[in-house]
Amino acid sequence: DRIFDGRPQTLTGRALLPIVREYGLERADFLSLIDGMEMDAIEDIRAPSMGRLELYCDRVAGAVGRLSIRVFGATEPRAKAVARHLGQALQLTNILRDLKEDAEHGRLYLPSELLVANNVKTREPLEVLRHPALPAICAELASRARQHYRAAAEAMRRCARGPMRPARAMGAIYRAYLGRLERRGWARLDQPVRLGKLRKLWIALRYGLF
């Protein structure tokens, strides 16, 4: 509030004020990001509804995207569709990548609708990960992530090319993560999935520059 009132009182606030003004960053996006962090810090997130999961993804990833695209130079209104879809895709990929780690902290981001559809009655995170229906649930969530990647790519094509380069590179890197997760499967969650530095560099050069 002090930043947007033009009277920041902290080092961070004073550093951020000229950036907020230069790029026209919006207060609502900062507030959404804070709300998303509070959801993780305060709530016991276990099998949220699909709508609740989408809200969470929008807050912790979509809001970051909306702030970022302004800094990248994308000012057209349609660029917000890129941030929305790419935020959903990236966060769903994170959720699928971190299933075991989240479960060990008592968190389960898999949506309740998919659990019900696959006759999973428990909501205990580690028990869900041992359920035989887990591969089908994860495959469905991965499919939703891919839909958002495609929608983000389509929205990017309708935006100025230059400012979309960082978003295009980020989307390609996370799509590669998702592909490796799908190839590994969902029965070996202890087996980490990584992209090497050279692979990341090639993707960044290909989609960010070429």
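What are the residues in the stretch 79-90 that are touching a Cys at 6+ places or on another chain (Cβ under 8 Å) and either among the hydrophobic types (A, V, I, L, M, F, W, C) or assigned to a loop (DSSP other than H, G, I, E, B) (or both), if any? Correct list: Ala79, Val82. One residue is enough: does the stretch 128-145 have a residue meeting the conditions within 14 Å of Trp186 (Cβ to Cβ), among the polar types (S, T, N, Q), modelled with pLDDT of 95 or more and open to solvent by 30 Å² or more (accessible area, probe 1.4 Å)? There is at least one residue in the stretch 128-145 that is within 14 Å of Trp186 (Cβ to Cβ), among the polar types (S, T, N, Q), modelled with pLDDT of 95 or more and open to solvent by 30 Å² or more (accessible area, probe 1.4 Å).
For every residue, the table says whether it meets (1) at pLDDT 95 or above; (2) acidic (Asp, Glu); (3) surrounded by fewer than 22 Cβ atoms within 10 Å (Cβ to Cβ).
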| position | (1), (2), (3) |
| --- | --- |
| Thr93 | yes, no, no |
| Arg97 | yes, no, yes |
| Leu108 | yes, no, no |
| Lys121 | yes, no, yes |
| Glu154 | yes, yes, yes |
| Arg158 | no, no, yes |
| Arg165 | no, no, yes |
| Ala172 | no, no, yes |
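Taking the stretch 179-206 only, how many residues are touching a residue at least 24 places away in the same chain (Cβ under 8 Å), open to solvent by less than 60 Å² (accessible area, probe 1.4 Å) and either among the aromatic types (Phe, Trp, Tyr) or assigned to a helix (DSSP H, G or I) (or both)? Adding up the residues that qualify gives 4.
A count restricted to the stretch 1-40 and to residues that are open to solvent by less than 30 Å² (accessible area, probe 1.4 Å), under 22 Å from Ala79 (Cβ atoms) and among the aliphatic types (A, V, I, L, M) stands at 2. Among the residues of the stretch 3-14, just one is over 23 Å from Ala61 (Cβ atoms) and under 26 Å from the mean Cα position of the chain (by Cα), namely Gly13.
The values are calculated or read from the model by the stated rules, or taken from the named source; none is laboratory data. Quantities reported herein were computed from a predicted structural model and do not represent experimental measurements. Here the Cβ is made from the backbone with ideal geometry for all residues, glycine too, and neighbour counts use every protein chain on show. Surface areas here come from the heavy atoms of the whole protein model, side chains and all, with no ligands, DNA or RNA. Shrake-Rupley method; radii C 1.70, N 1.55, O 1.52, S 1.80 Å.
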